[in-house]
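The values are calculated or read from the model by the stated rules, or taken from the named source; none is laboratory data. Small disclaimer: the values here were computed from a predicted structure and weren't measured. Because the Cβ atoms are built from the backbone with ideal geometry, glycine has one as well, and the counts that use them run over all protein chains shown.
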Amino acid sequence: MLRIGILGGVFDPVHCGHLAVALLAKEHFGLNEVLFVPSGAPPHKPAVAVSPDDRLNMLKLALAGLDGCGVWDGELRRGGYSYTIDTLNELGGQYAGAKFYFIIGTDNLPEIAKWRSYEEILSRVTLCAAFRPGYEAGRPEALAAADIQAFPGPMWGASSTMMRDYLGKGRSCKFMIPDAVLEYIKEKGLYGYSQGQ
């Protein structure tokens, strides 16, 4: 049986923490593949800083040559709000009979109960929870029936918000953002980061 990991997010921008958590989950759960799923218009997130095309291009650059990791851009193609249940239905058709592992940080666990059709989602996936510094690893009451399995995540507090802040202030994000992605950001002048920096 195929074991497919799903790592959803805005990836605004993708950074090394995303890559580390994907590879740690892949090893820990014996996944055949981890699909990075960039969200279109996430209903629970503020406005996205850069275009869907730029986010997709950065993801492809970050994952180039990384075995067992790929990008699934169905949410970007779908348009409108991105709902996990719709993504799961599409992926279920594409990977018939596969077992799905939804990779998430402990910081996002309490949010799941706000998702559309969250109980159906929980009945169809194993939640792979990576510990995030500063967030409790407890099980929210609404997720009592969920199959939640913890795994060792990267123990640093990198976030896309932090990366945008650093880039906007002209700080180096080398070793935090993959080199090819950082080069793309410079060339395009994304997040206020200019070629001269």
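Quick notes
- Residue check, Y135 modelled with pLDDT under 90, surrounded by 13 or more Cβ atoms within 10 Å (Cβ to Cβ) and closer than 14 Å to D54 by Cβ: no
- If you check R164, R116 for being basic (K, R) and outside any helix (DSSP H, G or I), only one passes: R116.
Rundown of residues vs (1) crowded, with 20+ Cβ neighbours inside 10 Å; (2) assigned to a strand (DSSP E or B); (3) touching a strand residue (DSSP E or B) at 6+ places or on another chain (Cβ under 8 Å), yes/no style:
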| position | (1), (2), (3) |
| --- | --- |
| G5 | yes, yes, yes |
| H28 | no, no, yes |
| V50 | no, no, no |
| L66 | no, no, no |
| G70 | no, yes, yes |
| D107 | no, no, no |
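- Residue within segment 139-151 that is part of a loop (DSSP other than H, G, I, E, B) and at positive phi present: no
- Look at (1) charged (D, E, K, R); (2) surrounded by fewer than 19 Cβ atoms within 10 Å (Cβ to Cβ); (3) within 23 Å of P52 (Cβ to Cβ) and you find that D147 fails only one, number (3).
- As for segment 37-44, it holds no residue that is modelled with pLDDT under 95 and assigned to a helix (DSSP H, G or I).
- In segment 64-84, the residues that are modelled with pLDDT of 95 or more and of a type in the set (V, I, T): V71
- Within segment 17-68, restricting attention to residues that are without any contact (Cβ under 8 Å) to a residue 12 or more places away in the chain and on the phi < 0 side of the Ramachandran plot, the residue that is nearest to the chain's Cα centre (by Cα) is K60.
- Subset of segment 150-197 (residues that are among the basic types (K, R), touching a residue at least 12 places away in the same chain (Cβ under 8 Å) and under 22 Å from A22 (Cα atoms)): R164
- Between D73, D54, D67, D12, the distinction of being in contact with a Pro (Cβ under 7 Å, 6 or more places away or on another chain) and charged (D, E, K, R) belongs to D73 only.
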